Every structure is written in C-alpha cells, then in structure tokens.
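This report refers to the structure that appears directly beneath it.
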Amino acid sequence: MSRIHLMTIPNILTLSRIALIPLFVVLYYCQPTYTDTPIFTWINFSLTGVYAAISLTDYLDGYLARKLNMTSKLGAFLDPVADKLMVSTALVLLVDYYPSNTHWYISVCALIIISREILMSALREWMSTVGQRSTINVSFIGKVKTFVQIFAILFLLYQQPFFGLPSFEIGVFLLVVATLLTLYSGLIYLKEGIKTFKS
C-alpha cells in the first residue's frame, strides 16, 4: 500500500492525537504552583482543551474510517496505541499531581485502569496468534467506560469550579465509576479470552 493510501484522514487524526501528547505533558508541567493566578487559569484551560481535542479525535478517527470506508491495517494498529498512550499519560500525570498519601484513591483507580489496558493488549495479541482476534470486540460497557473515563480525566485536570460545580469531586466520582466499569468490562473480555485456552 502506498504512502498516500496510508495517510487517510482517519490515520492523520490518529497520528495528530499521538503528536498532541507531548504538548499536553509540557502544558501540565508549565502550570505554576499558585492556582489563583491568571497564568494558571490560562495554562490550565489550555491543558484541559488539548486533552479534550485528543479525546475528540479518538471519536472522529473511528467514525470517519467507517463513514468514508477508510479502515486500514495501520489505523487498526495505531488507534488502540493512541488510546492507551493518551489515557496512561493523563493518569500518570494526575497521580503525580494528587499525592498518594492524601489522594490514594486516584492512584488505585489509575493502577487498575492502566493494568487492565496492559492485560487487554496482551489478551488481544494472544487472540491474534490463535486466529480469534475478532471474538474480542469492544462491548457497550467498554464504550461507556471510555466515555466516563474521558470526562473524569477532564474534570480532574481542570481543577477549577465548573459553572459553580466542584470539578475535583465530580472527577473523582466519575473516575471511580470508570474504574468499576473497567473491572466489569475487563472480566467480560477475560472470560472470552480464557475460552481459547480451553480449546
């Protein structure tokens, strides 16, 4: 396949999602210590906006690939890689921002979510080797988990009142919900994967 065919709109969006991650990290570490300053508000808003843009491309690349019939092997490889990079990076930075001695629940949730992603990657690789990759598909619960997880991270990143609502408390609640959905969907995938070991 030529380079032109590889550089479809969905693949470009996926690559842009990966390219935005370093900018996201830089903005995170550019946040000043004092949160009540105008520069913190500006950088924090930009940080949250970049992650929102990254999350939006997560939806757009898949939607356009199906809508425009531009699915490709490169896209199938890059999309889950980009997903795991963006989620893992954001969770690690949140654990860095919220110390584990006072916000241990954020660390626990991050550990569970990242561990599940590693397990699912290994499981999908195994399924591919035995020719049953298609039996592990994204369930409805998995999609809901991803949606809740994105908003949990956005609220925790924002760190400021959201139209008078407490962003931190909302973010923590959504993160706990996302973690429970992560465990549930992970068990569904694992149950399907285990069947291949018995065959």
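The values are calculated or read from the model by the stated rules, or taken from the named source; none is laboratory data. Note that this is a predicted model, so its numbers are computed, not measured. Glycine also receives a Cβ, built like all others from the backbone with ideal geometry; neighbour counts cover every protein chain displayed. Heads up: the accessible areas ignore ligands, DNA and RNA and are worked out on the full protein's heavy atoms, side chains in. Shrake-Rupley method; radii C 1.70, N 1.55, O 1.52, S 1.80 Å.
Out of everything in region 118-150 that is in contact with a Ser or Thr (Cβ under 7 Å, 6 or more places away or on another chain) and within 26 Å of Leu60 (Cβ to Cβ), what residue ends up being modelled with the highest pLDDT? The residue in question is Ile150. For region 74-87, give me each residue that is within 17 Å of Arg116 (Cβ to Cβ) and open to solvent by 30 Å² or more (accessible area, probe 1.4 Å). Selection gives Pro80, Val81, Asp83, Lys84, Leu85. Filter region 7-53 down to the residues that are assigned to a helix (DSSP H, G or I), in contact with a Phe, Trp or Tyr (Cβ under 7 Å, 6 or more places away or on another chain) and not polar (S, T, N, Q) and list them by number. Once the filter is applied, which keeps residues that are assigned to a helix (DSSP H, G or I), in contact with a Phe, Trp or Tyr (Cβ under 7 Å, 6 or more places away or on another chain) and not polar (S, T, N, Q), region 7-53 yields Phe24, Phe40, Leu47, Val50, Tyr51.
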